[in-house]
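One structure below.
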Amino acid sequence: QARLVESGGGLVELGGSLTLSCAASGRSFNRYAMGWFRQAPGKEREFVAVISWNGVTYYADSVKGRFTISSDNGRTTVYLQMNSLKPEDTAVYYCAVDRRGSGTMYVGECDYWGQGTQVTVSS
């Protein structure tokens, strides 16, 4: 049974940093794209960042230059380093994987999801 478990969320001040982790288990994800989405209260879940099966990364415009996605060599953990955080980054952050493996991920096409971790940025 595939499983994704996020950790590392919390409360941080404006301009601060957090690193989220997502531990993947239950199967091999070597050919999967691994990514992060977020959902703020009252809003739809939105794409944040993805790392394709061959290590290419893509970011939403709203986080480009501030967030960095990475994974370990075995693709058992994917990270999201978040710097220069803003109040508008406040959301529940979800890890997801997509068997297509490409650098694009859509909410409706992900195969597995984590349970989410809350990130709150105070001003």
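For the chain, what is the relative contact order in percent, using Cα pairs closer than 8 Å and at least 6 residues apart in sequence?
On the way: 324 pairs, mean separation 44.9, N = 123.
It comes to 37 percent, rounded to a whole number.
Go through T68, T77, T120 and list them by solvent-accessible area, largest first, probe radius 1.4 Å. Display every interim value, and only then the final one.
Numbers: T68 70, T77 25, T120 50 Å².
So, going from the largest accessible area down, we get T68, T120, T77.
Which value, in Å² rounded to 10, gives the accessible area of L11 with a 1.4 Å probe and all protein chains present?
Counting only protein heavy atoms, the figure is 130 Å².
Which distance in nm do the two modelled labels at S17 and E109 give, with both placed 7 Å along the Cα-to-Cβ direction?
Simple spin-label model gives 3.3 nm for this pair.
Convert each backbone phi in region 62-75 into a coupling constant with the Karplus relation 6.51 cos²θ - 1.76 cosθ + 1.60 (shift: θ = phi - 60°), then list the ³J(HN,Hα) values in order as whole Hz, x for Gly and Pro.
Along region 62-75, the couplings run 5, 10, 4, x, 10, 10, 9, 9, 8, 9, 7, 4, x, 6 Hz.
If you consider only alpha-carbon coordinates, what radius of gyration and Dmax does the chain have, in Å?
When restricted to Cα atoms, the chain yields Rg and Dmax of 13.3, 41 Å.
Tally Lys/Arg at +1 and Asp/Glu at -1 over every other residue whose Cβ is under 15 Å from the Cβ of A60; what's the total?
Values: positive: R38, K43, R45, K64, R66, K86; negative: E44, E46, D61, E88, D89.
Around A60, the charge tally is +1.
Residue-wise, which Karplus ³J(HN,Hα) couplings in Hz belong to region 28-40, taking 6.51 cos²θ - 1.76 cosθ + 1.60, θ = phi - 60°, and x for glycine or proline?
7, 10, 4, 9, 8, 7, 10, x, 10, 10, 9, 9, 8
The values are calculated or read from the model by the stated rules, or taken from the named source; none is laboratory data. Predicted model, so just to flag it, every value in this text is computed and none were measured. Note: ideal-geometry Cβ built from the backbone for every residue, glycine included; neighbour counts use all protein chains shown. SASA here: full protein model, heavy atoms, side chains in, ligands and nucleic acids out. Shrake-Rupley method; radii C 1.70, N 1.55, O 1.52, S 1.80 Å.
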